[in-house]
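The structure appears right after this line, and notes come after that.
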There are 2 protein chains.
Amino acid sequence: MAIHYPNGKAYIPVTKTTKEKKKDYSFSNRGKTLEDEINDANEFYIAQDIAVIHKKPIPIQVVKVDYPSRSSAVIKEAYYRTPSTTDFNGVYKGKYIDFEAKETENRTAFPLKNVHLHQVEHMRKVSKQSGITFLLVRFSALERYFYLPFEQLSLFWDRMLTGGRKSIALSEMETSAIEITPKYAPRIDYIKIVNDLNV
Amino acid sequence: MAIHYPNGKAYIPVTKTTKEKKKDYSFSNRGKTLEDEINDANEFYIAQDIAVIHKKPIPIQVVKVDYPSRSSAVIKEAYYRTPSTTDFNGVYKGKYIDFEAKETENRTAFPLKNVHLHQVEHMRKVSKQSGITFLLVRFSALERYFYLPFEQLSLFWDRMLTGGRKSIALSEMETSAIEITPKYAPRIDYIKIVNDLNV
């Protein structure tokens, strides 16, 4: 049955296109990866002129390319390379922002094997250049999010290197990191923490 | 014939490995692309703790991946995507640096078709966020290099959009941009200009 407004106009139900779906800043993460959630936040920040932060493309070593026509190139053989830096970087109020996002299914600790040595090295260099650098951690099973400044990550990393535990306990995360409570628009508002801590 | 030093020690000619070649900060560009030259400068800046700036990977859309063994992945079909941002970004003294590098064989002008609309849009957003953003131009036939701040590029871009010329004359570049004179270590020392203009 067609539904009509009192003025006689037909009611057209709102159907979401894929594009609109992408801009759904809701409370639920709807099975999204942490990367998706950060991309959503970044899209929001750019649209609102709050910050300009992008995910870097995955580095790929191209070995063989075919040119079926003059204007198109098809890559026929290529390999994933190990990223030498972090996943995300950009600018907020003139300041350089650089971070890595990691999720774990673990309910009691964040295993440090999720972070690679070259990423820690990169963050150390950024930190030395007075860049703002941190780790965003999602405990997926708990739906809890933490912003761990590099200075703190560095302490846990060094503890591991000197024979200590190879993970950060959830209880340690609660005291060393800043918890991000999911909200609306954007769901994971990490720039708020950047602002509170640095600006 | 083997050559010997007076002390009897054999003379071993220095052979450059590919790795050593990369660290050759000489006056000559030896047929290098502008991108190679900037990568050389970036390597120098990182080694000397001056700045942390990297080229972003080229964005590639992966369509098909084979897994011949558990640990390896071979990309069998993929396509180049249009970059939505600039080529290089990073941090210098806490500040966000973001730029595009372009070379032209033209001897009298830099054709603006070398720069893409989405790159100008991105630079505009970065500039609005108080990031330091610019265009590095090489006139390859003349071996001359220019650092054109985004504010200046923007004027030439808008002139084109309003029906004016579609290029920046070399004479205009000489007055609107800062010329970089190649020197030793690093050859193209663009961070010096960043520092002079912004810090």
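Odds and ends about this structure:
- Measuring nothing but how far apart in sequence close Cα pairs (under 8 Å, 6+ apart) lie, relative to its length, region A:40-199 scores a relative contact order of 19 percent.
- Using a Förster distance of 22 Å, the FRET efficiency for A:VAL74-B:VAL65 (Cβ separation, nearest 0.05): 0.90
- Student exercise, chain B dipole from Lys, Arg, Asp, Glu Cβ charges, in Debye to nearest 20: 440
- Cα coordinate range in region B:74-116, projected on the principal axes (Å, largest first): 44, 35, 15
- Taking the Cα centre of the protein assembly as shown as origin and assigning +1 to Lys and Arg Cβ atoms and -1 to Asp and Glu Cβ atoms, the resulting dipole is close to 680 debye.
- Bridge type composition, the protein assembly as shown - antiparallel percent by DSSP, nearest 5: 80
- P(r) tail, region A:26-132: Cα-Cα pairs separated by more than 23 Å, 48% of all pairs.
- Inter-copy label distances for A:LYS64: 1.2 nm (label point placed 7 Å from Cα along Cα→Cβ; shortest first).
- Normalised alpha carbon radius of gyration of region A:47-199 [divisor 2.2 N^0.38 Å]: 1.22
- Residues of region B:169-199 with amide N under 15 Å of a point placed 7 Å along Cα→Cβ from B:ARG30: B:184-188
- Global form of region B:39-92, assessed from the alpha-carbon gyration tensor, a/c cut-off 1.5: oblate
- Binning all Cα-Cα separations of region A:158-199 at 5 Å, short to long from zero, yields these whole-percent fractions: 6, 18, 17, 19, 16, 13, 8, 3, 0.
- Dipole in debye (nearest 20) - region A:96-192, about Cα centre, beta carbon charges: Lys, Arg +1; Asp, Glu -1: 100
- For the pair region A:86-152 / region B:99-134, the C-alpha centres are spaced 30 Å from each other.
- Proxy reagent accessibility, fewest Cβ within 10 Å first, across B:GLU179, B:GLU37, A:GLU103: B:GLU179, A:GLU103, B:GLU37
- Among the listed pairs B:LYS56/B:LYS95; B:LYS32/B:LYS183; A:LYS76/B:LYS113, a Cα-Cα separation exceeding 26 Å is found for A:LYS76/B:LYS113.
- 16 Å reach of a label modelled at A:HIS118, 7 Å along Cα-to-Cβ, counting backbone N of region A:36-57: A:56-57
- Positive dipole terminus of region B:39-134, leading residue within B:GLY131, B:PRO57, B:PHE99 (C-beta point charges): B:GLY131
- In terms of surrounding Cβ atoms within a 10 Å radius of their Cβ, A:THR86, A:THR33 rank from fewest to most as A:THR33, A:THR86.
- Hydrodynamic radius (Kirkwood) for the protein assembly as shown, which is based on Cα pairs only, to one decimal in Å: 24.2
- Sorted fewest first by neighbouring Cβ atoms within 10 angstrom, A:ARG81, B:ARG144 come out as A:ARG81, B:ARG144.
- Of the beta bridges in region B:92-190, as assigned by DSSP with both residues counted there, near 60 percent are antiparallel.
- Shape of region B:115-199, Cα gyration tensor, a/c cut at 1.5: oblate
Every number here is computed from the coordinates shown, using simple stated rules; none is lab data. On a predicted model such as this, the values are computed, not experimentally measured, just so you know. No Cβ is skipped: glycine too gets one built from the backbone with ideal geometry, and neighbour counts run over all protein chains shown.
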